[in-house]
Amino acid sequence: MKNTIRQVFHSPKFVAGFAIFVAILLVMFIYPLINPGNPLEQIGVGTFAKPGTYISLYDAAKTNTQTLRLPEAADNRIAARLSMDDRVEMINWFGTMNISVEGLDINDTDALIELWNQNYDPSARPEGMTSAKINYYKRLNNSIAELSASDTISIADYDEEGNLAVTKTISDTDYVNTKDVANVKTLPLGTDNFGRDVLKELVSATGTSIRIGLIAGIVATLIGLTFGLLAGYLGGVVDDIIMFVTNIFTVIPSFVLLILITYSLGQEQRGAAIVAIVIGLTSWTWTARSVRSQVISLRNRDHVNLSKLSGHSLIRIVVMDILPYIASYVVMAFILQVSSGILAEAQLSLLGLGPKTTQVPTLGLMMNWAMLYSAHTNGSWWAYFPVILVITLISFSLNLMNTGLDQVFNPTLRD
Amino acid sequence: MSEMEKARRSVDFADKPLCLSGRGVTKVFGIGDKKTVAVDHVDFDFHEGEFVSIVGESGSGKTTLSKMLLGLLGQSEGQILFQGKPRDISSGRKKKEYWKGIQAIFQDPFSSFNTFQKVDAVLLDCINMRGGKGLSKQDKYDMMTEACNFVNLKFAELTNKYPFELSGGQMQRLMIARIFLLKPKILLADEPTSMVDACSRATILDMLLNLRDETGMTVIFITHDIGLAYYISDTVYIMEHGKFVEYGKADEVILQPKAPYTKRLISDVPKIHEEWDLSTVDLLKTE
Ligand SMILES: Nc1ncnc2c1ncn2[C@@H]1O[C@H](COP(=O)(O)OP(=O)(O)OP(=O)(O)O)[C@@H](O)[C@H]1O
Ligand SMILES: [Mg+2]
């Protein structure tokens, strides 16, 4: 036994898979300690704030400033404000006015603005251009002029008489140290459609999904193992009955069955644990079949006969003389079941049949939310891509562990 | 021929009480086109203290018959009688009772042990089966030591060992120690020496004979080696394609064979014709 475990941990594939899985588990346990709180708390109003660090403007305005004269500041400011769409429209304008743009780099803000200022004519009415478009160019010209002008921002407040009075001006050379600002929040993965911290939600969802996988795996393995052992060892009528049931479950695609059961349960009954159990209840057939065939090849072995001759009971023979021989196999089947349980939850949730949405996030639910709010079409990759990555990583690590185990237990597969 | 062998062969077992007999015992595997008649209407009478050999080529149905005798396999037809009465193994408890009277040593020692259990567990099971559950630890230890001594093994060296840490010969001797503890009425040995080297083979056969002499048990010895059968048995049954083609006292069957099959088996062992008082080792070396 000890020897087997040592052997398993010498398999590079198993170790790699195990390391990835343990790393995921560690993050799952440690991250909530660093960033505690309800993962489903809506911290943002509005959908899909993009990843990055958010600085409270209110606090920043009230923080002591430091003057920094940075030569590239003005350029950066303009470059950041002039969107790619605007730049493309500017090039289009040059096109309609037959102005050569040869050698112009669309990212070279200075050159672009210079060419614009030289050539833009607000009175021009190019053929075929709609008046909406002409107005757009006017607005664009205004904002370019505004960008180029270096100015100050004034903050005004009401005084005792109720008149607005400037209380503070902020010049373009004023800086605050982020350490001095009272509220700075980094959202490494932004927020989702409900304004929830995606990273926090993802960590919590990973935990729930792994738990769902484990429960589904345990349920499926227990049922499959019991049925497989009984059918294989007892044979005869018991075998016929169990195989009949197994065949029925095999013929009806388990996913369809899963959808029907979860649908009929209704939203209110569907806690994460119930969904996990239902997944387990529909995915044991494969384990039952393979355990049965292994047991059939074992039950006529001499050590089993000897155990019978020694007067051992059925349960004892199954547990002591058969189970240890298929244990490695059952462990592998279990790992696969966990992995496919996680995937099944993701699929179900994508269809809107996942666990109740108000209690816990799961990887599948996060995908479902992202899809419902079209994160994939509006470019909010942070709402779904990390989820896909985590699902992939989990099933990759589990499958890697499995391949490693397979190589240890079936020496013919070793390369 | 040694004194012991002469003594052994002078006993007429027909006068002894019946231990295990069969009438029309048959085993058919499969149905339709795939039907195999492994054992075909065999009759036999084994007596108390008799050393019986069942000799036949590979595939002749020896193992199938032995499984039926042990009650590990149901017969398709026929009746098996235990101590003169029809055998009843219809329930788990009756089977348990039956197995107190009949035990076995299998062909392959390497697959006879549960590789996940230490070997002393096998011996401990035997003591429990013989109603020794309540004995003190020391008593159990003494019994196991005695059994191991009988087969020239040191119990102290075996404890805490797993089966794969033993040699094939050691495992097979441990199996005999098991029988020594169980003291069944009948021992069924299905080619117990085919997987061990010639030297261990001689030792094991000697031990089987000793066991028979000491406990008076019936030994049913299954082999494909007619020379071996001649050396150790009182009675020989020759099996061909699931049928007994000839049986009788070892000397009669082998020295004056009647069935052509028996003659062929004997001619396959050249040494039997050349010289009849063979030394133990010579005969045992023939395969
Ligand atoms: N479980 C089974 N199902 C179908 N056929 C079987 C089964 N067991 C044995 N047979 C067939 O019965 C016949 C007798 O087999 P058996 O094992 O009794 O032979 P044997 O005399 O012990 O041979 P060996 O010396 O090789 O051990 C063979 O033809 C074998 O193919
Ligand atoms: Mg055989």
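Side notes on the structure shown:
- On inspection, B:Val28 passes the criterion of being at pLDDT 90 or above and more than 16 Å from ligand 2 (Cβ to nearest atom).
- Residue count for region A:169-223, restricted to those that are surrounded by fewer than 17 Cβ atoms within 10 Å (Cβ to Cβ), within 27 Å of A:Thr47 (Cβ to Cβ) and among the aliphatic types (A, V, I, L, M): 2
- Filter result (modelled with pLDDT of 85 or more and either out of contact with any strand residue (DSSP E or B) (no Cβ under 7 Å at 6 or more places or on another chain) or acidic (Asp, Glu) (or both)) within region A:138-159: A:Lys138, A:Arg139, A:Leu140, A:Asn141, A:Asn142, A:Asp157
- Taking region A:300-414 and the helices (runs of 4 or more DSSP H) fully enclosed by it, the elements with 2 or more residues that are among the hydrophobic types (A, V, I, L, M, F, W, C) and within 30 Å of B:Ala189 (Cα to Cα) are at A:302-309, A:323-350.
- Residue count for region B:109-152, restricted to those that are crowded, with 20+ Cβ neighbours inside 10 Å and away from chain A (no Cβ under 14 Å): 5
- The listed residues are B:Phe51, B:Phe44, and the only one of them that is closer than 15 Å to B:Tyr237 by Cα, over 15 Å from the mean Cα position of the chain (by Cα), away from ligand 2 (no atom under 16 Å from the Cβ) and assigned by TED's automatic domain parsing to the domain that holds B:Gly248 turns out to be B:Phe44.
- B:Tyr98 being aromatic (Phe, Trp, Tyr), more than 14 Å from chain A (Cβ to nearest Cβ) and either under 24 Å from A:Asn3 (Cβ atoms) or away from ligand 1 (no atom under 16 Å from the Cβ) (or both): no
- Odd one out for B:Leu158, checked against (1) away from chain A (no Cβ under 14 Å); (2) within 16 Å of ligand 1 (Cβ to nearest atom); (3) not basic (Lys, Arg): (2)
- Filter result for the condition that a residue is surrounded by fewer than 17 Cβ atoms within 10 Å (Cβ to Cβ), assigned by TED's automatic domain parsing to the domain that holds B:Leu205, away from ligand 1 (no atom under 16 Å from the Cβ) and not aliphatic (A, V, I, L, M), over B:Arg87, B:Arg23: B:Arg23
- Some residue of region A:311-330 being closer than 30 Å to A:Arg270 by Cβ and either more than 10 Å from chain B (Cβ to nearest Cβ) or not aromatic (Phe, Trp, Tyr) (or both): yes
- Of B:Gly74, B:Gly56, B:Gly101, all but one fail to be within 16 Å of ligand 2 (Cβ to nearest atom) and either within 30 Å of B:Val196 (Cβ to Cβ) or out of contact with any strand residue (DSSP E or B) (no Cβ under 6 Å at 6 or more places or on another chain) (or both); the exception is B:Gly56.
- Qualifying residue in region B:56-72 (condition: within 14 Å of chain A (Cβ to nearest Cβ), loosely packed, with under 13 Cβ neighbours inside 10 Å and either modelled with pLDDT of 90 or more or not in a loop (DSSP other than H, G, I, E, B) (or both)): no
- Scan region B:176-191 for residues that are within 13 Å of the chain's Cα centre (by Cα) and away from ligand 2 (no atom under 16 Å from the Cβ) and the total you get is 6.
- Which listed residue is under 29 Å from A:Phe244 (Cα atoms) and free of Cβ contacts under 8 Å to residues at least 60 places away in the same chain, from A:Leu343, A:Leu314, A:Leu323, A:Leu336: A:Leu343
- Here region B:148-168 is the region considered, the condition is being in contact with a Cys (Cβ under 8 Å, 6 or more places away or on another chain) and assigned to a helix (DSSP H, G or I), and the residue that is nearest to B:Leu208 (Cα to Cα) is B:Phe155.
- Of all the residues in region B:90-107, those that are modelled with pLDDT under 90 and crowded, with 19+ Cβ neighbours inside 10 Å number 1.
- Test: residue in region A:217-225 that is under 30 Å from A:Pro361 (Cα atoms) and within 25 Å of the chain's Cα centre (by Cα): yes
- Residue within region B:65-82 that is of a type outside the set (A, V, I, L, M, F, W, C), touching a residue at least 60 places away in the same chain (Cβ under 8 Å) and within 16 Å of ligand 1 (Cβ to nearest atom) present: yes
- Matching residues in region B:73-84 - criterion: being part of a loop (DSSP other than H, G, I, E, B) and surrounded by fewer than 20 Cβ atoms within 10 Å (Cβ to Cβ): B:Leu73, B:Gly74, B:Ser76, B:Gln83, B:Gly84
- A:Ile335 satisfies every condition listed in (1) within 14 Å of chain B (Cβ to nearest Cβ); (2) buried (at least 17 other Cβ atoms within 10 Å of the Cβ); (3) within 35 Å of the chain's Cα centre (by Cα) except (1).
- Qualifying residue in region B:253-272 (condition: away from ligand 1 (no atom under 16 Å from the Cβ), closer than 21 Å to B:Asp43 by Cα, away from chain A (no Cβ under 14 Å) and within 15 Å of the chain's Cα centre (by Cα)): no
- Residue within region A:271-278 that is surrounded by 17 or more Cβ atoms within 10 Å (Cβ to Cβ) and not in a helix (DSSP H, G or I) present: no
- Residues in region B:186-208 that are away from ligand 1 (no atom under 16 Å from the Cβ) and of a type in the set (Ser, Thr, Tyr) were compared, and the one that is farthest from the other protein chains (Cβ to nearest Cβ) is B:Thr203.
- Residues in region B:29-53 that are within 9 Å of ligand 1 (Cβ to nearest atom) and over 15 Å from B:Gln79 (Cβ atoms): B:Phe29, B:Gly30, B:Lys34, B:Thr36, B:Val37, B:Ala38.
- Odd one out for A:Met90 among (1) over 30 Å from A:Pro188 (Cα atoms); (2) without any contact (Cβ under 8 Å) to a residue 12 or more places away in the chain: (2)
The values are calculated or read from the model by the stated rules, or taken from the named source; none is laboratory data. In this text the structure is predicted, and so the values were computed from the model without any measurement. Heads up, the Cβs are rebuilt from the backbone with ideal geometry, glycines too, and the neighbour counts pull from every protein chain shown.
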